[in-house]
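Structure record follows, encoded as structure tokens.
The values are calculated or read from the model by the stated rules, or taken from the named source; none is laboratory data. Every value quoted in this text rests on a predicted model; they were computed, and no experiment measured them. Note that we place each Cβ from the backbone using ideal geometry, even for glycine, and neighbour counts take in every protein chain shown. The protein model used for the area step is the full one, side chains on, heavy atoms only, and it has no ligands, DNA or RNA in it. Shrake-Rupley method; radii C 1.70, N 1.55, O 1.52, S 1.80 Å.
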Amino acid sequence: MRDFIQQLFSDSLDGRSVGRKLSALRHLYRHLLVDKKIEHDPTLNIDSPKQWKVLPKALAYDEIEKTLAGPRAVSDSKLSIALVARDRAMLEVFYAGALRVSEIISAKLEDLKLEIGYMLVRGKGTKNASCRWVSPRRMR
């Protein structure tokens, strides 16, 4: 089994592809063990290949400006203008505060502290330990 994995790497196969093949083999051998077709699993002590973490590509300054200026009113109605202002404010806080989408959409009005320029952000699971204060004004 180790020779097979080594051969895949020597054939210049990507670590993710080798990991998928190893996963398929593990499932096959587990099935064969359950059906009592084999006595031991040859994939048991083989570690999965290390995966590189792919970092997201950073946006260029003009792309950020274009995104933040993106929302436009579709009409001159008060509702349309208010929605554009809301969307722009959300985009700015989202970007400047480095928020997750789930954090920005779960924000509540009482989380905003406009008089001091801060917003309470609840992280994953809404646990108190994952709360933080962000100030987009200070991040510029």
Q) Given the residues D3, D47, D62, D41, which is the only one that is out of contact with any Asp or Glu (no Cβ under 9 Å at 6 or more places or on another chain), free of Cβ contacts under 8 Å to residues at least 40 places away in the same chain, assigned to a loop (DSSP other than H, G, I, E, B) and open to solvent by 100 Å² or more (accessible area, probe 1.4 Å)? A) D47
Q | Per-region count, the range 72-114, residues modelled with pLDDT of 85 or more and in contact with a Ser or Thr (Cβ under 7 Å, 6 or more places away or on another chain) | A | 1
Q: Look at the range 115-135 and say how many of its residues are exposed (fewer than 12 other Cβ atoms within 10 Å of the Cβ), modelled with pLDDT of 75 or more and aliphatic (A, V, I, L, M).
A: 1
Q | Index of the failed condition, R138 passing every other in (1) more than 30 Å from K21 (Cα to Cα); (2) exposed (fewer than 11 other Cβ atoms within 10 Å of the Cβ); (3) modelled with pLDDT of 85 or more | A | (3)
(Q) Going through L79, L55, L59 one at a time, which residue ends up being within 30 Å of L8 (Cα to Cα) and among the hydrophobic types (A, V, I, L, M, F, W, C)? (A) L55
Q: Take the range 66-123 and flag every residue that is in contact with a Gly (Cβ under 9 Å, 6 or more places away or on another chain) and assigned to a loop (DSSP other than H, G, I, E, B).
A: R100
Q.
Among the numbered criteria (1) without any contact (Cβ under 8 Å) to a residue 24 or more places away in the chain; (2) open to solvent by 100 Å² or more (accessible area, probe 1.4 Å); (3) part of a helix (DSSP H, G or I), which one does K57 miss?
A. (3)
Q.
Give me the residue from the range 78-92 that is under 26 Å from E103 (Cβ atoms) and not hydrophobic (A, V, I, L, M, F, W, C) and, out of that set, least open to solvent (accessible area, probe 1.4 Å).
A. D87
Q) With (1) modelled with pLDDT of 90 or more; (2) closer than 17 Å to W52 by Cβ as the list, and G15 as the residue in question, which single condition is left unmet? A) (1)
Q. Quick one: what pairs do we get from the range 9-22, first residue open to solvent by 90 Å² or more (accessible area, probe 1.4 Å), second at pLDDT below 85, C-beta under 7 Å, 6+ apart or different chains?
A. R16/Q51
